[in-house]
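A.B. asks: I'd like to ask you about the structure that follows.
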Amino acid sequence: MVESSNLQPGSMSQKDFAALGAQFQEAEHVTHIAFNHDQDVVVVGTNKGFVIYTIDPFCFRIYRAFEGGVRHTQIVGRSNVLLLIPSGLGSKFSSKTIVFWDEKVNKQAGIIRFEHEILACSTVRKM
């Protein structure tokens, strides 16, 4: 439990922290946390899907259930596209797949399949 004396100016309020905890009551565990390149959005992968929050102000944006859960998540720049590595457990996608998820239309935009299990993925800014 977070006490108000532990909160620093500009950090989450107790109400925001409680709301964050409430979002994960039904999820068994968090599998991955990633920020976008500007660090103003965070995506949290769970064994049941993923959650997107804005940082300033801290605010819940989107929750999506993803069959079988997500092992790794990554936001592509400032876009509405996410890279998801499924857990492979009870999912129609194996853990050898990267799913390009378009949040604007709420469906997969593409898939890349690999021969071996994928441990992580990332994106780079334009140079």
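Since every read-out is calculated from the coordinates, none of them should be taken as a lab result. The shown structure was predicted, so the numbers you read here are calculated from the model rather than taken from an experiment. We place every Cβ from the backbone using ideal geometry, glycine too, and count neighbours over all the protein chains shown.
A.B. asks: Rank these for me by crowding, Ile98, Ile62, Ile85, going from fewest to most other beta carbons within 10 Å. Each step should come with its number before you reach the end.
C.D. replies: Details: Ile98 19, Ile62 13, Ile85 25.
Final ranking by Cβ density, sparse to dense: Ile62, Ile98, Ile85.
A.B. asks: Sum up the charges of everything whose Cβ sits under 12 Å from the Cβ of Glu67, counting Lys and Arg as +1 and Asp and Glu as -1, but leave Glu67 out. Don't skip to the end; give the middle numbers.
C.D. replies: Details: positive: Lys48, Arg64, Lys92; negative: none.
Residues near Glu67 contribute +3 overall.
A.B. asks: Mind sorting Val41, Val124, Val51 by how few other Cβ atoms lie within 10 Å of their own Cβ, fewest first?
C.D. replies: Going from sparsest to densest Cβ surroundings: Val124, Val41, Val51.
A.B. asks: What is the fewest-to-most order of His29, His37 by other Cβ atoms lying within 10 Å of their Cβ?
C.D. replies: His29, His37
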